[in-house]
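A.B. asks: Below you will find the structure I want to go over with you.
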Amino acid sequence: MLELIDKSVVFLCCTTIYLLEAAHGLWIFPVILALTISSLNSYIENNILHLLLFISYIILCMFFNGLFLFLPLIFYDVILNKYSFIYLLLLIPIISQDGYLSSRIILITFSLMALAILLKLRTSSTSKLKVEYINFKDMTSELSILLEEKNASLIANQDYEINLATLSERNRIAREIHDNLGHILSRCLLQMGALIAINKDFNMKENLDQVKNTLSQAMDSVRSSVHNLHDESIDLHDQIYELVKGFSFCPIKFSYEISENPDRMLKYSFISIIKESISNIIKHSNATEVSITLNEHPGFYQLIIQDNGVVDGYNIENGIGIRNILDRVAAFNGNVNINTDNGFRIFISIPKGVIK
């Protein structure tokens, strides 16, 4: 756009001088030819073409002195050309038209050429600054996006570490209760049983039985609480994420879309199935990419494990690992679909709330 403005300024100056200097013998050919060549240069960005058109115009100036005044307009497109000899070509029309071109016309023409050079250098400098600004802006935007992604990743890792620490602490508390309080209550029950066995007083024995029943209830309550606390300490997402993070055989994509932890038995089954599948990939596959997708739908859970390896001689009857997966899914009245058309793909769907 800036070049069009510059060339318009140069064209208007050339045209004005041409009208003033050639009013007595005016003809339109130089105006049309110069405007046509300049427009063609603007339409086609090709330095070789610009150079050829400039040389052709120089040759025409040798025969038609009326074209000389519009030479700055054609010269504008070759100012920054890498071939420096083009500046010497400007002397050809002056030499060939010696006696036909007045010194005044030559001075005005070279003054307009100087104007064209100044405009070209200014536009070129402005264009470079604009390109540098756009590149800097793009680089800044890219860095901003990278920083945002890095921050999001750090926040996600921080949340994961916090959640993992919380679950580990729950597991530790469950073990402490089981190892300490559970053993103490068990010892109390044994001691109470011994007292009941050696006691001969009926009334005292009845009271001891009540105490023993109370201790048994406390033991059952502690055992239930410990189991629940231990089950809550195992987060399905974090367990699978640990498996994925430790998988170095090939890149693996993991997608988890479950709002709450599934039932304890189902949670253990999902972890075991994924472990078995990863083990099979390492042993039998030449895959370069693996994906694990676990989704929750209103009525069922969906687990998809697939790779892009070449499947050769697959037989479901010969694979113990596959049989284990089928048995685990069958325990929940689920369905398993295995496809080997494009890599190995196992599709599992398990209805909610159904356990054999």
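The values are calculated or read from the model by the stated rules, or taken from the named source; none is laboratory data. All of these numbers come straight from a predicted model, not from anything done at the bench. Because the Cβ atoms are built from the backbone with ideal geometry, glycine has one as well, and the counts that use them run over all protein chains shown. Calculation scope for accessible area: heavy atoms of the full protein, side chains included, ligands and nucleic acids excluded. Shrake-Rupley method; radii C 1.70, N 1.55, O 1.52, S 1.80 Å.
A.B. asks: Go through SER56, SER39 for me and flag whichever is among the small types (Gly, Ala, Ser), open to solvent by 40 Å² or more (accessible area, probe 1.4 Å) and more than 47 Å from the chain's Cα centre (by Cα). Lay out the reasoning, then the answer.
C.D. replies: On the way: SER39 fails: more than 47 Å from the chain's Cα centre (by Cα).
Checking each option against the conditions leaves just SER56.
A.B. asks: Among the candidates ILE32, ILE44, single out the residue that is over 51 Å from the mean Cα position of the chain (by Cα) and free of Cβ contacts under 8 Å to residues at least 12 places away in the same chain.
C.D. replies: Values: ILE44 fails: over 51 Å from the mean Cα position of the chain (by Cα).
From the options ILE32, ILE44, the qualifying one is ILE32.
A.B. asks: May I pose another question? If you take the residues of region 332-351 that are outside any strand (DSSP E or B) and modelled with pLDDT of 85 or more, which of them is most open to solvent (accessible area, probe 1.4 Å)?
C.D. replies: Within region 332-351, the subset outside any strand (DSSP E or B) is 332-334, 340-344.
Those still in the list that are modelled with pLDDT of 85 or more too: 332-334, 344.
Numbers: PHE332: 11, ASN333: 79, GLY334: 18, PHE344: 44 Å².
The selected residue is ASN333.
A.B. asks: Let me ask something else about it. Would you mind telling me which numbered condition in (1) exposed (fewer than 13 other Cβ atoms within 10 Å of the Cβ); (2) at pLDDT 70 or above SER224 fails?
C.D. replies: The single condition SER224 does not satisfy is (2).
A.B. asks: Report, ordered by the first and then the second residue, all pairs with beta carbons closer than 9 Å, sequence separation of six or more or different chains, a first member in region 251-270 that is free of Cβ contacts under 8 Å to residues at least 24 places away in the same chain and part of a loop (DSSP other than H, G, I, E, B), and a second member that is acidic (Asp, Glu) and open to solvent by 30 Å² or more (accessible area, probe 1.4 Å).
C.D. replies: From residues that are free of Cβ contacts under 8 Å to residues at least 24 places away in the same chain and part of a loop (DSSP other than H, G, I, E, B), the pairs are GLU260/GLU296.
A.B. asks: Right, another one. Could you run through region 286-309 and say how many residues are part of a strand (DSSP E or B) and acidic (Asp, Glu)? Explain how you work it out, then say what you get.
C.D. replies: Initially, region 286-309 is screened for residues part of a strand (DSSP E or B), giving 290-296, 300-307.
Then drop every residue that is not acidic (Asp, Glu), which leaves 296, 307.
Count: 2.
A.B. asks: How many of the residues making up region 93-109 are open to solvent by 70 Å² or more (accessible area, probe 1.4 Å) and at pLDDT 80 or above?
C.D. replies: So the answer is 1.
A.B. asks: Return the pairs, sorted by first residue and then second, in which the second residue is at pLDDT 90 or above and surrounded by 15 or more Cβ atoms within 10 Å (Cβ to Cβ), the first residue lies in region 115-135 and is under 12 Å from LEU80 (Cβ atoms), the beta carbons are less than 8 Å apart, and the residues are 6+ apart or on different chains.
C.D. replies: Note: no pairs meet the criteria.
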